[in-house]
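Student: Got a structure here, written out as structure tokens. Questions coming.
The values are calculated or read from the model by the stated rules, or taken from the named source; none is laboratory data. Please read all numbers here as calculations on a predicted model, not as lab measurements. Methodologically, a virtual Cβ is constructed for each residue, glycine included, from the backbone with ideal geometry; neighbour enumeration extends over all protein chains shown.
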Amino acid sequence: MEIDRTTSLIFIGLAAALVLSMVAYLDITFPEYFPFDIPFVQELIEDPSVQGPTGAGEPVSLVKSVRKFVSEEEFKNYLTESEDFYGGWGVFGVRGGMAFDTAMAEPTMAPQAKEASAERVSETNVQVLGIDEPDIVKTNGKEIFYSNSYNYWYAEPMDFVARDMVPTSDKAMEGVTKIISAFPLENLALAGELKKGGDLLIKDDILTIFRSDKIYGYDISNSSSPEEKWKMDVGENNYIVSSRLYKGKIYLVLQKWIDAYNPCPIRPLLWEGGGLEVRCVDIYHPVQPVPIDTVYTAVIINPGNGDVEKKISFVGYSGSSLLYMSENNLYLTNSYYADIFPIIIGFFTEEMRDLLPGDLIKKLEKLAGYDISSQAKLTEMQTLVENYERGLDNDDRLRLQNESTNRMESYFKKRSREMEYTGIAKISLDTFNVLANEKIPGRLLNQFSLDEFEGYLRAAVTVGSGFWGFSTESANDVYVLDDKLKIAGFVRDMGLTERIYSARFVGDRGYVVTFRQTDPFYVLDLSVPQNPKLAGELKIPGYSSYLHPINESKVLGVGKEGSKVKISLFDVSSAADPKEAAKYTLDEYWTEILNTHHAFLMDKKHEIFFLPGSRGGYVFSYEGDRLKLVKAVSDISPTRAIYFDDYLYILADNELVVLNENTWERVQSLKF
């Protein structure tokens, strides 16, 4: 019994706790610079024509930095090699929760409607101006399209959680998109209803609806009688990661968990008379084995007719998948864990070397050089350690137990930046080529952890985690990557013992919030990519999980302090000396902004922003570097808000309230 107990502490405990810490990772993270130089193979391959629902696409020329599988057999062999190399953390290993990404930024002008339309119309907050993102509310400048109930896996990237909107009727299973005649105000009415609901995008007169299982394209030129133009089915066991609308095209990313016995072909999209087929020989992979359990497929869709114009597929890991898109490139990320064998054996051969006999050390070092799987090495290592323990008396065994436990913390603190990595694929929007495929240590929080500026990609990650009943010291880093995704510079060790709650990059500045008990707000100077610097720091109670730049010198933060919603206005005019210029604690326990930035709206003309709460809607002024609650709208549980000229439309599940922004009086309402 004593031998079994000690063995579990110093060996099985190591491996088992690694598993548990990975599964429980939703609250913690890891990273640090660790070189990753894969001998990529360059090749030029012509893709066959790809057809959409209504016509043919074009041949696509792809220059790749990773290799295509040459056969299904090679794909299966790669799966086996990946599983063996990573000790079972590949396709058969632990999966983290999917993190679907979203974005935010200043409202942009809506397309001008054919009839009289407003001069000022807000749209969905987006991270990159001009790149639209799907949301439950869209407008064409005249009508509001509002999908407020549907059976759909709706992911919330800010906190890595997902909720299943369980249908309560056949109508809920299909979902509903309400069409509201919104402008001019005297025409306010429910104009119609589509028996389909989901996330929405609008391009010209085409409304695209994304459900978990289907995608629809509707002609809304006659809003009272929308016409279905095309539809697609999302293939069995395929899932939508996210999408974007840019320069008239939809960029859609899907994922499918790999079936180890029948990995391909994959059919991510289906339509009447055909579908998109991804063969094994269409799928790209890094030359060296990495943990994989997913095939990602990115496509470009013409929203007018549903044609799939280009496609690209590659393997990845589903632990945490994010989509970030700049004006030039699409970045798809996934997090995965390192091979655990070198880390565990390193504990014995490095930290325990003075306590273990030389012959055991030699056997362990010899074992490390064997050309066998990590799983086999772990099994053999366990046998060697157990055999050594059997020869110890109780006194020596007790000493070994205490010494190993004591030394674990410092060892894993030292190795914490070698535990988990984020792979990043960079795809050119112009050619749909993979320009680079690299990894950085650690885990991203959400899409706002990434930002491209002047050819460099900035990434904010958290490192460190809890192991075996005690915690290694977490830290937070920002990496600056060049056009090949090689690390050009970094800032490390922000917020020791804490994790990132929000990040935002604006020009050559970076803003990071970490949290455990206080809210360190960090300002980074990123003007020299090869030498980024931590410029300033501010510690205040609570945390901000959403950062929104108001202008060059002010950043708004929305989060919580204790159990209540907190709003902070940060003065960053001096990067070296950031200040909390104003603070407002709202008598609310929750705001949808903590789930999704799409719930936030700012109107620069009136210097206000809208915040939805569970008890009502709130309009705050930030004029004169103050936070002032100028209007509270009670008896409504709002989800979104839109402005048309000087009228603010506040939407809830079954009603709409209109405020005059000049007087903040209620001027109209609509039940639906």
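Student: Collect the residues in the range 637-665 that are farther than 11 Å from residue 610 by Cα and touching a Ser or Thr at 6+ places or on another chain (Cβ under 9 Å), keeping them in residue-number order.
Tutor: 637, 644, 651, 652, 653, 655, 656, 657, 658, listed by residue number.
Student: From the list 277, 309, 327, which residue is touching a residue at least 24 places away in the same chain (Cβ under 8 Å) and not in a loop (DSSP other than H, G, I, E, B)?
Tutor: Matching residue, one of 277, 309, 327: 309.
Student: I need the strands (runs of 3 or more DSSP E) fully contained in the range 591-637, keeping only those with at least 1 residues that are in contact (Cβ under 8 Å) with a residue 60 or more places away in the chain.
Tutor: Once the strands (runs of 3 or more DSSP E) in the range 591-637 are filtered for at least 1 residues that are in contact (Cβ under 8 Å) with a residue 60 or more places away in the chain, what remains is 601-603, 608-612.
Student: Something else: Out of 253, 234, 241, which single residue is within 15 Å of residue 302 (Cα to Cα) and touching a Ser or Thr at 6+ places or on another chain (Cβ under 9 Å)?
Tutor: After ruling out the rest, the residue left standing is 253.
Student: Is the range 582-601 home to any residue that is of a type in the set (Gly, Ala, Ser), in contact with a Pro (Cβ under 6 Å, 6 or more places away or on another chain) and either crowded, with 22+ Cβ neighbours inside 10 Å or modelled with pLDDT under 95 (or both)?
Tutor: Taking the range 582-601 and keeping what is of a type in the set (Gly, Ala, Ser), we get 582, 599.
Now drop any that are not in contact with a Pro (Cβ under 6 Å, 6 or more places away or on another chain), which leaves 599.
With the extra rule that they be either crowded, with 22+ Cβ neighbours inside 10 Å or modelled with pLDDT under 95 (or both), the set shrinks to 599.
Yes, some residue in the range 582-601 is of a type in the set (Gly, Ala, Ser), in contact with a Pro (Cβ under 6 Å, 6 or more places away or on another chain) and either crowded, with 22+ Cβ neighbours inside 10 Å or modelled with pLDDT under 95 (or both).
Student: Quick one: how many residues across the range 173-220 are buried (at least 23 other Cβ atoms within 10 Å of the Cβ) and more than 32 Å from the chain's Cα centre (by Cα)?
Tutor: 2
Student: Residue check, residue 433 against (1) of a type outside the set (A, V, I, L, M, F, W, C); (2) touching a strand residue (DSSP E or B) at 6+ places or on another chain (Cβ under 9 Å); (3) modelled with pLDDT of 90 or more; (4) under 30 Å from residue 309 (Cβ atoms), all met but one. Which one?
Tutor: With (1) of a type outside the set (A, V, I, L, M, F, W, C); (2) touching a strand residue (DSSP E or B) at 6+ places or on another chain (Cβ under 9 Å); (3) modelled with pLDDT of 90 or more; (4) under 30 Å from residue 309 (Cβ atoms) applied to residue 433, the lone miss is (3).
Student: Return the total of residues in the range 558-580 being assigned to a strand (DSSP E or B), closer than 19 Å to residue 624 by Cα and aliphatic (A, V, I, L, M).
Tutor: The qualifying residues number 3.
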